[in-house]
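A.B. asks: Handing you a structure now.
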Amino acid sequence: MATQTTAAPPGTPPRAARAGRRPALRRDGRYASVFLAPSLGGLALFTLFPTAMALAISLFDWPVFGDRKFLGFGNYSHLLGDPVFRRVVLNTALFVVLYVPLNVVVSLGLATWLGPKIRGRQAFRVLFFIPVMTPMVANVMVWRLLFQPGGLLDAGMKSWFGVDAPNFLGSSNWAMPAIVAMSIWQGFGYNFLVFSAALDQVPQSQLESAQIDGAGPFQRFRYITWPMITPSIFFATTMTLITSFQVFAQPFILTQGGPGVSTQTIVMYVYNQGWQFLSMGLASAAGWVLFVIIMGITAIQFVGQKKWVNYDV
């Protein structure tokens with residue numbers, strides 16, 4: 001009786017071919033590891049290791065000089081009971097609530113205005129992006145000259161209206177809006193380019209067809225443009241939110257966190273605890289609190305984006 005053999009499925013490579021392919025795959029894997037090694041090494045050395053060390057230090061009373069004492073979650077308990085830290089968290093939240101929506105609205109509005117039919121739109125793009133490329137410290141120093149008493153704003157209001165300008169940097173009511181205004185001017189150019197690139201991908205034929213059918217500018221934007229640019233809006237909002245929680249240079253140079261602690265942010269608190277009071281344990285704990293806040297809000301954004309971001313348009 002002849003032995004019945006099972007035929008291999010169509011398209012199955014011969015065993016010899018599969019066996020010859022394995023060394024090539026292993027060789028490609030080794031090459032990939034060689035090319036990835038510098039990036040992975042840098043990630044481990046400059047990101048993962050410092051993050052893990054910060055978590056370990058946050059569990060200690062860790063002065064720069066002197067003996068270190070294990071506290072467990074004592075530093076975190078101290079932060080929760082510290083009225084200054086609670087005010088700092090509120091200041092940071094206020095900055096985020098003011099800065100992120102205004103940044104997105106200004107960027108999207110200017111990107112929409114500078115459509116393909118606007119002459120010189122490339123020059124405007126370069127002009128709006130210049131503050132982003134300029135060093136932050138230089139931008140802040142210029143705005144400090146504008147805001148301070150006797151500065152350009154004060155002189156302009158005296159000459160035009162005969163009244164003194166508010167003490168923008170010395171008033172607890174005006175200091176945070178001044179920081180937000182300066183930050184919007186400095187940072188909107190990046191999102192402006194993101195939105196401009198997204199708007200350029202919207203088919204003009206669909207907009208023209210909707211216009212022929214009687215749709216107005218708002219209707220065309222709401223039902224055609226907006227769904228197509230929601231991925232870019234989600235990206236810009238997420239990145240802007242992450243960076244806004246880490247604001248430091250603007251309040252540090254403009255107001256030094258004052259008046260009092262009315263403009264001090266979480267990153268400034270970390271800096272002060274670590275380099276002024278030399279309490280590395282408390283600074284690390286505050287840094288981890290900020291890390292958890294950013295990760296939590298980012299996770300909420302990624303969950304919520306499923307309801308309004310359109311990837312299939």
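The values are calculated or read from the model by the stated rules, or taken from the named source; none is laboratory data. Predicted, not measured: the structure shown is a model, and the values here were computed from it. Here Cβ is always computed from backbone atoms with ideal geometry, including for glycine, and neighbour counts include all displayed protein chains. The protein model used for the area step is the full one, side chains on, heavy atoms only, and it has no ligands, DNA or RNA in it. Shrake-Rupley method; radii C 1.70, N 1.55, O 1.52, S 1.80 Å.
A.B. asks: Taking amide H positions as placed 1.01 Å from N in the peptide plane, with prolines and chain starts having none, which residues 5 or more places from residue 265, or on another chain, fall under 5 Å of its amide H?
C.D. replies: none
A.B. asks: From the helices alone, meaning DSSP H stretches of at least four residues, give me the mean residue ellipticity at 222 nm for the chain, per-run term -39500 (n - 2.57), in deg cm²/dmol to the nearest 500. Please report the intermediate quantities before stating the final value.
C.D. replies: Details: 14 runs with 208 residues, N = 313.
My calculation for the chain gives -21500 deg cm²/dmol from helical runs alone.
A.B. asks: What number, in percent, do you get for the relative contact order of the chain if the mean sequence gap of Cα pairs under 8 Å and at least 6 apart is divided by its residue count? Don't jump to the answer; show the numbers that get you there.
C.D. replies: Values: 305 pairs, mean separation 81.7, N = 313.
Once normalised by length, the contact order is 26 percent.
A.B. asks: Let me ask something else about it. How about residue 69: which aspartates and glutamates have a C-alpha closer than 14 Å to its C-alpha, ignoring those fewer than 8 places off in the same chain?
C.D. replies: 61
A.B. asks: What accessible surface, in Å², does a 1.4 Å probe find on residue 47, ignoring ligands, DNA and RNA and rounding to the nearest 10?
C.D. replies: Surface open to solvent at residue 47 totals about 60 Å².
A.B. asks: Quick check of the Kirkwood formula: for the stretch 228-293, what is the inverse mean of 1/r over all pairs of different Cα atoms, in Å? Could the numbers behind the result be given before it?
C.D. replies: On the way: mean 1/r = 0.0760 Å⁻¹.
Its Kirkwood hydrodynamic radius stands at 13.2 Å.
A.B. asks: Here is a follow-up. With all protein chains present, how much of the accessible area of the stretch 70-306 (probe radius 1.4 Å) comes from carbon and sulfur, to the nearest whole percent? Write down the numbers at each step before the final one.
C.D. replies: Working: 8630 of 12340 Å².
The computed percentage sits at 70.
A.B. asks: Sticking with this one: Provide, as a two-decimal number, the C-alpha radius of gyration of the chain over 2.2 N^0.38 Å, N being how many residues it has.
C.D. replies: Working: Rg = 27.4 Å, N = 313, 2.2 N^0.38 = 19.5 Å.
So the Cα radius of gyration is 1.40 times the expected 2.2 N^0.38 Å.
A.B. asks: Report relative contact order for the stretch 208-313 in percent, whole number only (criteria: Cα-Cα under 8 Å, sequence separation at least 6).
C.D. replies: Numbers: 64 pairs, mean separation 31.6, N = 106.
Taking the mean separation of contacting Cα pairs over the length of the stretch 208-313, I get 30 percent.
A.B. asks: Short version: what are the Cα gyration tensor semi-axes of the stretch 164-313, square root of 5 times each eigenvalue, largest first, in whole Å?
C.D. replies: Over the Cα atoms of the stretch 164-313, the semi-axes work out to 40, 21, 11 Å.
A.B. asks: Round to the nearest 0.05 the FRET efficiency obtained for residue 129 and residue 37 when R0 = 45 Å and r is the Cβ-Cβ distance. Please report the intermediate quantities before stating the final value.
C.D. replies: Numbers: r = 35 Å, r/R0 = 0.77.
So the FRET efficiency works out to roughly 0.85.
A.B. asks: If exposed means no more than 15 neighbouring beta carbons inside 10 Å and the site is in a DSSP loop, what's the longest run of the chain without any exposed trypsin sites (Lys or Arg not before Pro)?
C.D. replies: The answer is 120-313.
A.B. asks: Right, something else. Compute the helix-to-body angle for 136-147: its Cα long axis versus the longest principal axis of the chain, expressed 0 to 90° and rounded to tens.
C.D. replies: For helix 136-147, the angle is close to 30 degrees.
A.B. asks: Residue farthest toward the positive end of the dipole of the chain, with Cβ of Lys/Arg at +1 and Asp/Glu at -1: which of 64, 261, 54?
C.D. replies: Highest projection toward the positive end goes to 54.
A.B. asks: For residue 60, what residues show an amide H to amide H distance below 5 Å, using hydrogens built from the backbone and excluding near sequence neighbours?
C.D. replies: When sequence neighbours closer than 5 places are left aside, the close amide H contacts are 71.
A.B. asks: State in Å² the accessible area per residue of the stretch 70-306; use a 1.4 Å probe, count heavy atoms of protein chains only, and round to the nearest integer. Each step should come with its number before you reach the end.
C.D. replies: Values: 12340 Å² over 237 residues.
Accessible surface, normalised per residue, equals 52 Å².
A.B. asks: Whole-Hz Karplus ³J(HN,Hα) for the stretch 301-308, in order, using 6.51 cos²θ - 1.76 cosθ + 1.60 and θ = phi - 60°, x for Gly and Pro?
C.D. replies: After applying 6.51 cos²θ - 1.76 cosθ + 1.60, I find 4, 5, 6, x, 5, 5, 8, 9 Hz.
A.B. asks: For the chain, give the magnitude of the charge dipole about the Cα centre (Cβ charges: +1 Lys/Arg, -1 Asp/Glu; no others), in debye to the nearest 20.
C.D. replies: Working: 21 positive and 10 negative charges, 239 e Å.
Around 1140 debye, computed over the chain.
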